[in-house]
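These notes concern the structure reproduced below.
The values are calculated or read from the model by the stated rules, or taken from the named source; none is laboratory data. Keep in mind the model is a prediction, meaning the values are calculated, not measured. Methodologically, a virtual Cβ is constructed for each residue, glycine included, from the backbone with ideal geometry; neighbour enumeration extends over all protein chains shown. Side chains are part of the model used for accessible areas, which takes the heavy atoms of the whole protein and leaves out ligands, DNA and RNA. Shrake-Rupley method; radii C 1.70, N 1.55, O 1.52, S 1.80 Å.
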Amino acid sequence: VGRAATKVTPTESSAAADSIVAADARAAELESKPGIQLARRYISDSDIVVRYRALHVLAEKDSEFVAKHAVSLLQVPNDTFRYEVCTVLATAGRKDARAALESLVLNPVQSRNPNVLRIKAVAALATCGNRDSIPVIQPLAQGSYLNSLTGTAVRSLTRIAKDDPTATAEVWRILIRSFPEQLEDTPVHARYCSAVAKSVNAALESVTGLQQ
């Protein structure tokens, strides 16, 4: 995580420099004393580097706190920061974060790498989502086999069906239409297309088993 470059006027430059020095000191404090209480204090810091270090500490030592505050943390306009929050949610399975994750999938605002942000959010929806998440994930499960988002979406739909048996028929119908068609006769395309086809086949076997 780095600070975005910001233009300042000469009269502002001294104050800006002082602010960066102070932020560096807080970041160094977190690095030397990575405790939960200090991280909780700095998780709302004005400096993104400090905030990210605080998040990293909490993700390792107090993931429940991150999961509990995930909805507000997902609003932080920094990709790496939001990746970390999504990773925590993928394990925590907080249903109250579902809407925020779906919003990121549909509109990854202020993201410099929206595809990766979607991948992380869709992966978290495997445990945080429910049947209402299916329409959000469906088009992604039928995307390009060259995009790892496609396989992630297939796996998340399968997990949702596993957790909610009433969704199995709907997920099955989506998966049947998710087998990719190879677009170019090259080793790269063959490898990626085969990988997604295997993922869809495994998902169908899982969902079909749930239907029996």
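Determine the dipole magnitude for the chain: charges of +1 sit on the beta-carbon of Lys and Arg, -1 on that of Asp and Glu, nothing else is charged, the reference point is the Cα centre, and the result goes in debye to the nearest 20.
Working: 25 positive and 22 negative charges, 49 e Å.
For this selection, approximately 240 debye.
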#### Entry: Exposed-loop-free span, longest in the chain, where GluC sites (Glu not before Pro) count as exposed if DSSP calls them loop and at most 10 other C-beta atoms lie within 10 Å
1-180
### Message
Distances longer than 30 Å among the Cα atoms of the chain: what percent of all pairs is that?
### Response
36
### Query
Can you give the extra length, in nm with one decimal, that the chain gains between Ile36 and Asp163 once fully stretched, where that is 0.36 nm per residue apart less the Cα-Cα distance?
42.5 nm
### Query
What's the angle, to the nearest 10 degrees (0 to 90), between helix 10-32's Cα axis and the longest principal axis of the chain?
70
#### Entry: the chain: angle of helix 114-128 to the longest principal axis, Cα-based, in degrees nearest 10
70
### Summary
For the chain, the per residue accessible area (1.4 Å probe, Å²) is 54
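Between Asn147 and Glu60, what's the calculated FRET efficiency when r is the beta-carbon distance and R0 is 35 Å? Round to 0.05.
0.70
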### Task
Enter the accessible area of His56 (Å², nearest 10), with the probe set to 1.4 Å and all protein chains included.
80
### Task
Please give the contour-minus-distance gain from Ala17 to Ala197: 0.36 nm per residue of separation, less the Cα-Cα distance, rounded to one decimal in nm.
59.5 nm
### Residue among Val21, Val50, Val88 with the largest mean-square fluctuation in a Gaussian network model of the chain, springs linking Cα atoms under 10 Å
Val21
### Message
How many angstrom lie between the Cα centre of segment 160-176 and the Cα centre of segment 66-120?
### Response
24
